[in-house]
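One structure is given below, represented as C-alpha cells, and several questions about it will come after.
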Amino acid sequence: MYDKNNIFAKILRGEISCKKVYEDKFVLAFEDINPQTKIHVLVIPKGEYVNMDDFSKNAKSIEIEGLIRGIGIVSAMLGVDKTGYRYLGNNGIDAGQEVPHLHFHIFGGEKIGKMINK
Ligand code: 5GP
C-alpha cells in the first residue's frame, strides 16, 4: 500500500524542497540529502510505486521505459557515464529500504569499491 505522505511523495508535490538534477514527464532526479559518494543522486518515477516489486507488477510499459531512460539521461548529465557509476535500488526490509517510494541511487564521481558490505 503506497503511503502518499512519504518523503519523496512530498518532494514530488513540491511540499519539501530538493536539489533537482533533472525532471521530465516520468522521473524526477535530485541529490541525496546524505551523500555516500561524491556524486549521489536519486532517480524516482513520478508514479506512486512503493518499490521494484510494485513497479515491475503494476507500472505501465511507458513508465518502465521512462524510468530506465531517465537513469541513462541523468548519468550522462552527471558525466558518470564516462567514468562509471553504480545504480542501486533497495527493496523492502532485508535491503533496508527507508523511503517507500521506488528510487534508484546513482553513486559515482570516485572509485566506490565492490558491491556488498555486510
Ligand atoms: P533507501 O535506504 O530507502 O534506499 O534510501 C533512501 C535515501 O533517501 C537515503 O540515501 C537518504 O539519505 C535519502 N533521503 C531521505 N530523506 C531525504 C530527503 O528529505 N531529501 C533527500 N534529498 N534525500 C533524502
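What follows draws every value from the coordinates through simple rules; no lab data is involved. In this text, all values refer to a predicted model and were calculated from it rather than measured experimentally. So basically every Cβ, Gly included, is an ideal-geometry build from the backbone, and we count neighbours across all protein chains shown.
What whole number of Å gives the distance from the Cα centroid of the stretch 93-108 to the Cα centroid of the stretch 1-52?
Answer, in whole Å: 11.
If each DSSP helix of 4+ residues adds -39,500 (n - 2.57) and the sum is divided by the residues in the chain, what number results at 222 nm, nearest 500 deg cm²/dmol?
-8500 deg cm²/dmol
OK, next. Local charge sum around Asp3 (other residues, Cβ-Cβ under 11 Å, Lys/Arg +1, Asp/Glu -1)?
+1
With the Cα gyration tensor of the stretch 77-118 giving a ≥ b ≥ c as the square roots of its eigenvalues, does the rule (a/c under 1.5 for rounded; else a/b larger than b/c for prolate; else oblate) give rounded, prolate or oblate?
Oblate.
Arranged by the count of other C-beta atoms within 10 angstrom, fewest first, what order do Arg69, Arg13 take?
If I rank by nearby Cβ atoms, fewest first, I get Arg13, Arg69.
Next question, about the same structure. I'd like to compare 14-21, 105-112, 30-37: which one has the highest average count of other Cβ atoms within 10 Å, and what's the full order after that?
Details: 14-21: 12.0, 105-112: 17.0, 30-37: 13.9.
Taking the mean over residues of other Cβ atoms within 10 Å, the ranking is 105-112, 30-37, 14-21.
Can you put Glu98, Glu48 in order of Cβ neighbours within 10 angstrom, beginning with the fewest?
On the way: Glu98 9, Glu48 17.
Lowest to highest Cβ neighbour count: Glu98, Glu48.
Take the alpha carbon gyration tensor of the chain, find the square roots of its eigenvalues, order them as a ≥ b ≥ c, and report rounded if a/c is under 1.5; if not, report prolate when a/b exceeds b/c, else oblate.
In terms of gyration-tensor shape, rounded.
Put a dot 7 Å past each Cα toward the Cβ at Met1 and Gln36; how far apart are the dots in nm?
Once both label points are built, they end up 2.9 nm from each other.
Could you give me the ³J(HN,Hα) list for the stretch 87-94, computed from phi with Karplus coefficients 6.51, -1.76, 1.60 and θ = phi - 60°, whole Hz, x at Gly and Pro?
10, 9, x, 8, 10, x, 5, 5
Let me ask you something else. Please rank Met52, Met115, fewest neighbouring Cβ atoms within 10 Å first, as an exposure proxy.
Least to most surrounded, the residues fall as Met115, Met52.
Oh, and also: Would you kindly derive the ³J(HN,Hα) couplings of the stretch 49-65 from the backbone phi angles with the Karplus curve 6.51 cos²θ - 1.76 cosθ + 1.60 (θ = phi - 60°), listing them in order in whole Hz, with x for Gly and Pro?
10, 5, 6, 5, 4, 5, 4, 5, 7, 10, 6, 6, 3, 5, 6, 5, 4
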